[in-house]
Amino acid sequence: MIESRLKIRLSTERPFRQFAPSFSTISAVRQEHRLPVPTGKLVLLIDNSPTIRHIVERTLRKEGYEVLSFRDGIEAMRWFAEQPEARTPDLMLVGVSLPKMDGYEVIQRFKTKPRFAHTTCIVLSQRDSALDKLRGHLVGANDYITKPFTTQQLLAAVQKGLAGNN
């Protein structure tokens, strides 16, 4: 009886060895979970989609950005009105299809405040027409990202927007 247990134990150990991570896999995991380099840049995110907010927040925080997130523009404006000493964001990511007030109006209202006049704004939208992009530009947006977007596209737009903000 002891011999049969031993045989079973040996036979079940072998398959697990092939799944043991190699050193290259371990180093790739370490690089993926590296600590972000603090950028000191604050990004304001306004989007009604919890999924988009989660993905954008996670992506930007992983790169070392601070993120302040709201589900609609009124909530964001109210927060800044109640927190006058709060830091002004370096960049704003604003979804177009927001409840209560669309993203174009949110950007326009933020841009009328001297505090936000030089804040870079990027529109996040499912709409891809030239008219929508023009409307974004007219209200003060600096860039326009069409959903769905990749994290690389998002990071490139954020880095470009912050580089132009200096």
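Could you list, in sequence order, the residues of segment 38-61 that are surrounded by 13 or more Cβ atoms within 10 Å (Cβ to Cβ), assigned to a helix (DSSP H, G or I) and not polar (S, T, N, Q)?
Within segment 38-61, the subset surrounded by 13 or more Cβ atoms within 10 Å (Cβ to Cβ) is 39, 41-49, 52-53, 55-57, 59-61.
From what's left, assigned to a helix (DSSP H, G or I): 52-53, 55-57, 59-61.
If the condition is that a residue be surrounded by 13 or more Cβ atoms within 10 Å (Cβ to Cβ), assigned to a helix (DSSP H, G or I) and not polar (S, T, N, Q), then Ile52, Arg53, Ile55, Val56, Glu57, Leu60, Arg61 are the ones that fit.
Scan segment 10-31 and tell me whether some residue there is assigned to a helix (DSSP H, G or I) and at pLDDT 95 or above. Working first, answer last.
At the first step, the residues of segment 10-31 found to be assigned to a helix (DSSP H, G or I) are 10-17, 23-31.
Adding the requirement that they be at pLDDT 95 or above leaves none.
No, segment 10-31 contains no residue that is assigned to a helix (DSSP H, G or I) and at pLDDT 95 or above.
If I filter segment 105-118 for residues that are under 26 Å from Thr150 (Cβ atoms), of a type outside the set (A, V, I, L, M) and either crowded, with 21+ Cβ neighbours inside 10 Å or modelled with pLDDT under 95 (or both), do I get at least one hit?
Residues of segment 105-118 under 26 Å from Thr150 (Cβ atoms): 106-107.
Of the ones still in play, those that are also of a type outside the set (A, V, I, L, M) are none.
Within segment 105-118, none of the residues are under 26 Å from Thr150 (Cβ atoms), of a type outside the set (A, V, I, L, M) and either crowded, with 21+ Cβ neighbours inside 10 Å or modelled with pLDDT under 95 (or both).
If I ask for residues that are closer than 19 Å to Leu42 by Cα and acidic (Asp, Glu), which ones from segment 84-121 would you list?
Glu85, Asp90
Report every pair of residues separated by at least 6 positions or lying on different chains whose Cβ atoms are under 7 Å apart, first residue within segment 75-95 and in contact (Cβ under 8 Å) with a residue 40 or more places away in the chain, second assigned to a helix (DSSP H, G or I) and among the polar types (S, T, N, Q).
Once the first residue is in contact (Cβ under 8 Å) with a residue 40 or more places away in the chain and sits in segment 75-95, its partners that are assigned to a helix (DSSP H, G or I) and among the polar types (S, T, N, Q) give Asp90/Asn165; Leu91/Asn165.
Answer with yes or no whether Val37 is in contact with a Gly (Cβ under 9 Å, 6 or more places away or on another chain) and modelled with pLDDT of 95 or more.
Values: in contact with a Gly (Cβ under 9 Å, 6 or more places away or on another chain): yes; modelled with pLDDT of 95 or more: no.
In short, no.
Only one residue in Glu82, Glu63 is of a type in the set (D, E, K, R), over 20 Å from the mean Cα position of the chain (by Cα) and more than 18 Å from Asn48 (Cβ to Cβ), so which one is that? Explain how you work it out, then say what you get.
Details: Glu63 fails: over 20 Å from the mean Cα position of the chain (by Cα).
Only one candidate passes the filter, namely Glu82.
Is it the case that some residue within segment 66-80 is polar (S, T, N, Q) and out of contact with any helix residue (DSSP H, G or I) (no Cβ under 7 Å at 6 or more places or on another chain)?
Narrowing segment 66-80 to residues polar (S, T, N, Q): 69.
Add one more test, that the residue is out of contact with any helix residue (DSSP H, G or I) (no Cβ under 7 Å at 6 or more places or on another chain), and what stays is none.
No: segment 66-80 contains no residue that is polar (S, T, N, Q) and out of contact with any helix residue (DSSP H, G or I) (no Cβ under 7 Å at 6 or more places or on another chain).
Taking helices (runs of 4 or more DSSP H) that do not extend beyond segment 66-166, which have at least 3 residues that are in contact with a Cys (Cβ under 8 Å, 6 or more places away or on another chain)?
Correct list: 103-112.
So, in segment 135-157, of the ones that are more than 13 Å from the chain's Cα centre (by Cα) and among the hydroxyl-bearing types (Ser, Thr, Tyr), which residue ends up surrounded by the fewest Cβ atoms within 10 Å (Cβ to Cβ)?
Thr146
Note down all Cβ pairs under 9 Å where the first residue falls in segment 140-157 and is without any contact (Cβ under 8 Å) to a residue 24 or more places away in the chain, the second is of a type in the set (Ser, Thr, Tyr) and loosely packed, with under 14 Cβ neighbours inside 10 Å, and they're at least six residues apart or on different chains.
none
Restricting to segment 120-133, name every residue that is surrounded by fewer than 22 Cβ atoms within 10 Å (Cβ to Cβ) and either of a type in the set (Asp, Glu) or over 16 Å from Ser97 (Cα atoms) (or both).
Those that are surrounded by fewer than 22 Cβ atoms within 10 Å (Cβ to Cβ) and either of a type in the set (Asp, Glu) or over 16 Å from Ser97 (Cα atoms) (or both): Asp128, Ala130, Asp132.
The values are calculated or read from the model by the stated rules, or taken from the named source; none is laboratory data. The model shown is predicted, which means the values in this text are computed figures rather than measured ones. For neighbour counting, all protein chains shown are included, and Cβ atoms are generated from backbone atoms with ideal geometry for every residue, glycine included.
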